[in-house]
Amino acid sequence: MTGLSDSFQRPINYLRISVTDRCNLRCMYCMPSSGVGLMSHEDILTYEEIYTVAKAAAELGINKIRLTGGEPLVRSGLPELIQMLAHIDTIDDISLTTNGLLLSRYAAELKSAGLRRVNVSLDTLKQDKFESITRCNNNLGDVLEGIEAAKSVGLNPVKINMVVMAGINDDELLDFATKTIDEGWHVRFIELMLPVGVSTTASQFIPVSDMRKHFELLGELEPCLPGVGNGPAKYFRFLQARGTIGFITPVSEHFCFHCNRLRLTSDGKLRPCLLAEDEIDLKQPLRSGVSSAGLKQLIEEAVARKPLRHHLDEGYIPKDRPFTQVGG
Ligand code: SAM
């Protein structure tokens, strides 16, 4: 087999890069309202360092990159990084996960730099709830404008990710599903990861099997062909819909056996698994002039150290860092 594969024969071709631990929101399930201790600028990899890691990873077989954070669009010059990554021959997919607040401002620049597609995290369509979930008084309209701007510049697909919480936003499941029919939205419903969330409780967890019951009112969900999405979501659509509905079940039905990912944190650690504490430092080697061969060896070591699966269901949670610092 060519390319990277781990000790369980899973092909690894996807690198998620967190470009910052900073965020302009304080989502209740993600970080404390006071925020988290921020890293200093020197702690964060420069764009050149990120490029060096991505190039070495690409030479080993990584061909998909997603930029995340924190909120990636709060780091200045993100289109420059995308342009650098887009010049790596074997990278054929660059995507972004964002809360969408700054998306309308940057969509055109991101697209022309080489970004292909974008996921926008959005948990409500109501302004008051937007403020209470994100614990900031930003304008939900800015996110909606960001979604439209992304579509109009040709970022495709634009996927909307909704973390579903009982008693918080589960009353809006049908509103989001209706958007797949009326506006062609692609919406993915995500199980709340507990106890990873910071200010959430077990009673707010809803398994996907329960979410699906809400949709019966709108008609039958037809499964989409395998291959739609290529990620952990299972995709469906209503017969009359242009858009799709995806379900992501990190808790009730983990998808670790198909995991193809490595993560690079903004402070330069390669993390084999989101939900395990193990990390391999690349920053210090990068700053001491590691060779490309040396860097590749470290990347291969991280791949070899990928655990078979996470153990959220047994109550195991990583204690080292909040989600915002790993890159969700
Ligand atoms: N700021 C960007 C955004 O909002 O998309 C990227 C980072 S954010 C940490 C990435 C994703 O992680 C978001 O879709 C967020 O909803 C999800 N997330 C964070 N904490 C979570 C939790 N406890 N359970 C499920 N999803 C979570």
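The values are calculated or read from the model by the stated rules, or taken from the named source; none is laboratory data. Only a predicted model underlies this, so the values are computations on that prediction, with no experimental measurement involved. As a convention, Cβ positions derive from the backbone with ideal geometry for all residues, glycine included, and neighbour counts pool all protein chains shown. All accessible areas refer to the heavy atoms of the entire protein, side chains included, with ligands and DNA or RNA removed. Shrake-Rupley method; radii C 1.70, N 1.55, O 1.52, S 1.80 Å.
Tabulated values for the structure
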| item | result |
| --- | --- |
| Residue in the stretch 320-328 that is within 23 Å of THR46 (Cα to Cα), surrounded by 16 or more Cβ atoms within 10 Å (Cβ to Cβ) and either touching a Pro at 6+ places or on another chain (Cβ under 6 Å) or of a type in the set (Phe, Trp, Tyr) (or both) present | yes |
| Residues located in the stretch 167-210, provided they are out of contact with any Lys or Arg (no Cβ under 8 Å at 6 or more places or on another chain), in contact (Cβ under 8 Å) with a residue 24 or more places away in the chain, part of a helix (DSSP H, G or I) and within 15 Å of the ligand (Cβ to nearest atom) | ASP170, PHE176, SER203, GLN204, VAL208 |
| Checking HIS258 against (1) closer than 26 Å to ARG212 by Cα; (2) within 16 Å of the ligand (Cβ to nearest atom); (3) under 18 Å from the mean Cα position of the chain (by Cα), the condition it does not meet | (2) |
| Residue within the stretch 234-257 that is free of Cβ contacts under 8 Å to residues at least 40 places away in the same chain and surrounded by fewer than 14 Cβ atoms within 10 Å (Cβ to Cβ) present | yes |
| Members of the stretch 11-26 that are open to solvent by less than 20 Å² (accessible area, probe 1.4 Å) and touching a helix residue (DSSP H, G or I) at 6+ places or on another chain (Cβ under 9 Å) | ILE12, LEU15, ILE17, SER18, VAL19, THR20, ASP21, LEU25 |
| Total residues in the stretch 1-40, condition more than 10 Å from the ligand (Cβ to nearest atom) and among the basic types (Lys, Arg) | 2 |
| Residues within the stretch 123-144 that are in contact with a helix residue (DSSP H, G or I) (Cβ under 6 Å, 6 or more places away or on another chain) and within 22 Å of GLY246 (Cα to Cα), tallied | 4 |
| ASP171 vs. criteria more than 20 Å from THR200 (Cβ to Cβ), open to solvent by 40 Å² or more (accessible area, probe 1.4 Å) and of a type in the set (D, E, K, R) | no |
